[in-house]
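Asks: Okay, here's the structure, questions in a sec.
The values are calculated or read from the model by the stated rules, or taken from the named source; none is laboratory data. Nothing here was measured: the structure is a model prediction, and the numbers come from that model. Backbone-built Cβ (ideal geometry, glycine too); neighbour counts: all protein chains shown. These accessible areas exclude ligands, DNA and RNA; they are computed on the full protein's heavy atoms, side chains included. Shrake-Rupley method; radii C 1.70, N 1.55, O 1.52, S 1.80 Å.
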Amino acid sequence: MIKYKFYYWGPLLFNTHIEKENLNKIKKLCKKNVKKSHITNLAGDIKHEYTINANSLNKIIMPYMQTFRHAYKQWYNNDLCEIEVSDAWVNYMQPGDYNPIHIHKNCEFSGVIYIDIPKKLHKEISEYKGTVEGPGTIVFLYGEDARHCQTMKTFVPVTGDFYMFPYMLRHAVNPHKSNCERVSIGVNFNRKGEK
């Protein structure tokens, strides 16, 4: 057999699953509080976005961030210093809400944690007839679209999923029609001690 090599390329797109006990702790940080509205800071057309306590979230997800650092070492063959949550917010997506293609600024890494993905939304996704990404999915885009290039990854969110990625990885969320609320947390990370 002829020997060959192939090379990984592009940014690390990390995925893990938050254990139920920790997910319940995270849920307790999420509240619809108009005094903590985060709408003017974000790209999306989402009516209910509210800041949550970054330090409290940091304590809960620290073990997952250590796992991310391990994955980073495997992907880039380079060590990553300690990172921490710099800011976080909860998105309560209603029917018709969406997040256009965007990146996160003023951070080194970004992430999303899925708090509640209702069965109605999964049913809508399963019945979707389109050829590309469906309602309520998250789409990641890297590079220019061309033949023989992988430039897009689409995921159907599941309650407890946690994605982390470099801040400049473009991503978007498609609107859904079902009468339900899709709840997720957006997170930004910086090197420990940096703001």
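Asks: Over the heavy atoms of Ser37, what accessible area does a 1.4 Å probe trace out, to the nearest 10 Å²?
Replies: Here the residue's solvent-accessible area equals roughly 60 Å².
Asks: Sorted by accessible area with a 1.4 angstrom probe, largest first, how do Val90, Val158 fall?
Replies: From most exposed to least exposed: Val158, Val90.
Asks: While we're looking at this one, here's another question. In whole percent, what relative contact order does the chain give with Cα contacts below 8 Å and a gap of six or more residues?
Replies: 31 percent
Asks: Going by accessible area, probe 1.4 Å, with all protein chains left in place, what is the ranking of Arg182, Arg147, Arg69, largest first?
Replies: Result of the area sort, largest leading: Arg147, Arg69, Arg182.
Asks: Okay, helix-only estimate at 222 nm for the chain: each DSSP H run of n ≥ 4 adds -39500 (n - 2.57), divide by all residues, round to 500 deg cm²/dmol; what do you get?
Replies: For the chain, the value works out to -6500 deg cm²/dmol.
Asks: Got a sec? Which residues in region 79-123 would a label at Val132 touch, if it sits 7 Å along Cα→Cβ and we count backbone N under 20 Å?
Replies: 96-104
Asks: Still on this model: On a 1.4 Å probe surface of the protein chains, which of Asp97, Asp79 comes out largest in accessible area, and what is the full order?
Replies: Descending accessible area places them as Asp79, Asp97.
Asks: Determine the alpha carbon to alpha carbon distance for each of Lys153/Lys192; Lys27/Lys119; Lys59/Lys153; Lys47/Lys153; Lys27/Lys47 and list only those over 23 Å.
Replies: Over 23 Å Cα-Cα: Lys153/Lys192; Lys59/Lys153; Lys47/Lys153.
Asks: Can you run phi through the Karplus equation (6.51, -1.76, 1.60; θ = phi - 60°) for region 44-59 and list ³J(HN,Hα) in whole Hz, with x for Gly and Pro?
Replies: x, 9, 10, 6, 10, 10, 9, 5, 10, 6, 5, 5, 5, 5, 4, 5
Asks: Relative to the present Cα-Cα distance, how much length would full extension add between Ala146 and Ser37 at 0.36 nm per residue of separation?
Replies: 35.3 nm
Asks: Separate question: What figure in square angstrom, to the nearest 10, would you give for the accessible area of Met65 with a 1.4 Å probe?
Replies: My reading of the accessible area for Met65 is about 0 Å².
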